[in-house]
Amino acid sequence: MPVWVVPVFVASAAVSLLASDQLVKALERVGTDIGAAQVLLGLVAALAADGPELTSAVTALLSGEHALGLGVLFGSNVFNIAALLGLGPFLADRVRFHRRVVVMEGTAAVGVAVASLLLVSGALGAVPALVLTLAFFVPYVIVAAVPTARLPLPERWRQWLSEALKEEVEETQDAYRPAWRANTRLAGLTAVVAVLIVIGASVLMEHSASVGGTSLGVPEVVLGGVVLAGVTSLPNAVAAVYLARAGKGAATLSVAMNSNTINVVGGLALPAVIGGFALAGLGGGTVFAGAAYLAMTALVILLAYRGADRGDGLGRGAGALLLGAYAVFLGVLIAVG
């Protein structure tokens with residue numbers, strides 16, 4: 001393995017994560033100043049935190065390393081669930097939320113996960129998979145961005161959505177309250193510079209990891225799903241610590257699900273259509289990673305709904321189950337990759 005690989009990987013990973021943190025803060029400042037809805041602000045912050053993993057996945061796809069890109073994407077999504085919702089109960093004893101929140105978040109999250117698996121398994125082409133993905137994602141964004149009173153829905157549905165959003169709005173208002181004091185113009189400029197740094201550093205990180213993995217004979221999907229996925233998802237792990245300790249269950253669930261959905265939309269569905277990538281037939285490891293992402297999403301939504309129905313949320317038993325499932329995912333991916 002070339003001697004430059006490890007120092008370049010470590011340095012680029014550190015720069016990418018630090019720039020991603022600054023990007024989140026800058027976008028929070030801009031969003032607050034322009035009066036963006038708090039749930040929508042949470043979506044924007046999740047997108048910024050996903051910068052390293054999104055850039056790494058897209059870079060790998062553009063470089064023709066499709067298995068590496070899918071490994072980063074699916075591995076990051078499984079890691080997010082384990083870190084935010086599996087680790088959370090151990091930091092806060094329990095992660096609580098109302099079942100309306102679980103239904104709203106879970107519907108979009110499971111639908112997008114199904115679409116991603118159908119795409120990588122070859123059951124759906126790139127365009128139909130993108131349409132299916134957007135069919136779940138776009139309504140969620142509209143509901144998050146538009147006041148429920150303005151939605152052209154029956155009153156009963158508007159009331160249900162209003163109650164579902166209420167808990168998230170209250171928690172994300174505190175979770176994404178910007179601590180950085182700067183004017184909007186400076187924050188906007190900082191965001192632009194941070195985006196460029198995140199992209200550049202993530203490209204270097206992906207390239208150095210690819211060179212090192214190839215020289216060591218590590219399969220692409222394993223390199224992406226284990227190494228790059230873990231490193232690029234660290235911002236979400238940090239978010240898990242804060243949100244869980246603050247007792248913000250709805251915000252924790254929202255960040256985890258939004259992060260994963262954004263990864264699929266921006267790192268898989270759109271690139272597959274624009275680049276015309278053939279993502280099916282890359283080997284059992286990629287299909288397994290996609291299936292694991294769907295299974296972990298369904299499992300956490302089921303556990304969350306049952307816990308919300310009982311009023312005790314996700315406890316340490318559920319957290320241990322999710323962390324154990326992640327360990328199994330890593331073991332099987334390494335074995336079949």
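The values are calculated or read from the model by the stated rules, or taken from the named source; none is laboratory data. Everything numeric in this text was worked out from a predicted model, so none of it was measured. Note that we place each Cβ from the backbone using ideal geometry, even for glycine, and neighbour counts take in every protein chain shown.
Looking at this structure, is G324 within 18 Å of F90 (Cα to Cα) and either in a helix (DSSP H, G or I) or among the hydrophobic types (A, V, I, L, M, F, W, C) (or both)? Give the derivation first.
Numbers: within 18 Å of F90 (Cα to Cα): yes; either in a helix (DSSP H, G or I) or among the hydrophobic types (A, V, I, L, M, F, W, C) (or both): yes.
Yes, satisfied.
Here's the yes/no breakdown for (1) farther than 19 Å from T252 by Cβ; (2) touching a helix residue (DSSP H, G or I) at 6+ places or on another chain (Cβ under 7 Å); (3) basic (K, R); (4) at pLDDT 85 or above:
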position	(1), (2), (3), (4)
A49	no, yes, no, no
G69	yes, yes, no, yes
L73	yes, yes, no, yes
I81	no, yes, no, yes
G106	no, yes, no, yes
S121	yes, yes, no, yes
F136	yes, yes, no, yes
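Within segment 91-107, can you find the residues that are over 22 Å from A237 (Cα atoms) and in a helix (DSSP H, G or I)?
Keep residues of segment 91-107 that are over 22 Å from A237 (Cα atoms), which gives 98-100, 103-104, 107.
Answer for segment 91-107, where residues must be over 22 Å from A237 (Cα atoms) and in a helix (DSSP H, G or I): R99, R100, V103, M104, T107.
Answer yes or no: is there a residue in segment 51-59 that is aliphatic (A, V, I, L, M), under 30 Å from S121 (Cβ atoms) and either in contact with a Lys or Arg (Cβ under 8 Å, 6 or more places away or on another chain) or at pLDDT below 85 (or both).
The initial filter retains those residues of segment 51-59 that are aliphatic (A, V, I, L, M), namely 54, 57-58.
Going one step further and asking which of them are under 30 Å from S121 (Cβ atoms), we end up with 54, 57-58.
Cutting the leftovers down to either in contact with a Lys or Arg (Cβ under 8 Å, 6 or more places away or on another chain) or at pLDDT below 85 (or both) gives us 54.
Yes, segment 51-59 has at least one match.
Would you confirm, using the coordinates I've provided, whether S208 is within 30 Å of G86 (Cβ to Cβ) and among the polar types (S, T, N, Q)? Give the derivation first.
Details: within 30 Å of G86 (Cβ to Cβ): yes; among the polar types (S, T, N, Q): yes.
Considered against the rule, which asks whether it is within 30 Å of G86 (Cβ to Cβ) and among the polar types (S, T, N, Q), S208 comes out as yes.
Determine whether segment 62-72 contains at least one residue that is surrounded by fewer than 23 Cβ atoms within 10 Å (Cβ to Cβ) and more than 21 Å from E220 (Cβ to Cβ).
The answer is no, given that none of the residues of segment 62-72 is surrounded by fewer than 23 Cβ atoms within 10 Å (Cβ to Cβ) and more than 21 Å from E220 (Cβ to Cβ).
Scan (1) farther than 20 Å from L54 by Cα; (2) among the β-branched types (V, I, T); (3) surrounded by fewer than 17 Cβ atoms within 10 Å (Cβ to Cβ) for the single condition V300 breaks and write down its number.
The failed condition is (3).
Select from segment 221-253 the residues that are closer than 20 Å to A109 by Cα, hydroxyl-bearing (S, T, Y) and at pLDDT 80 or above and list them in ascending order.
The answer is S233, and nothing else.
Would you be able to tell me the number of residues in segment 159-185 that are assigned to a helix (DSSP H, G or I) and at pLDDT below 80? Give the derivation first.
As a first pass, look at segment 159-185 and keep what is assigned to a helix (DSSP H, G or I): 159-175, 184-185.
Applying the additional criterion that residues be at pLDDT below 80 yields 160-175, 184-185.
Matching residues across segment 159-185 total 18.
Regarding A291, is this residue touching a residue at least 40 places away in the same chain (Cβ under 8 Å) and within 28 Å of G125 (Cα to Cα)?
It is true that A291 is touching a residue at least 40 places away in the same chain (Cβ under 8 Å) and within 28 Å of G125 (Cα to Cα).
Which members of segment 75-88 meet the condition of being part of a helix (DSSP H, G or I) and either among the aliphatic types (A, V, I, L, M) or surrounded by fewer than 24 Cβ atoms within 10 Å (Cβ to Cβ) (or both)?
Filtering segment 75-88 down to residues part of a helix (DSSP H, G or I) leaves 75-86, 88.
Of everything in segment 75-88, those that are part of a helix (DSSP H, G or I) and either among the aliphatic types (A, V, I, L, M) or surrounded by fewer than 24 Cβ atoms within 10 Å (Cβ to Cβ) (or both) turn out to be V78, I81, A82, A83, L84, L85.
Restricting the search to segment 108-134, which residues are in contact (Cβ under 8 Å) with a residue 60 or more places away in the chain and not in a helix (DSSP H, G or I)? Write out each step before concluding.
Quick first cut of segment 108-134, residues in contact (Cβ under 8 Å) with a residue 60 or more places away in the chain only: 108-110, 112-117, 119-122, 126-127, 129-130, 133-134.
Selection gives G122 alone.
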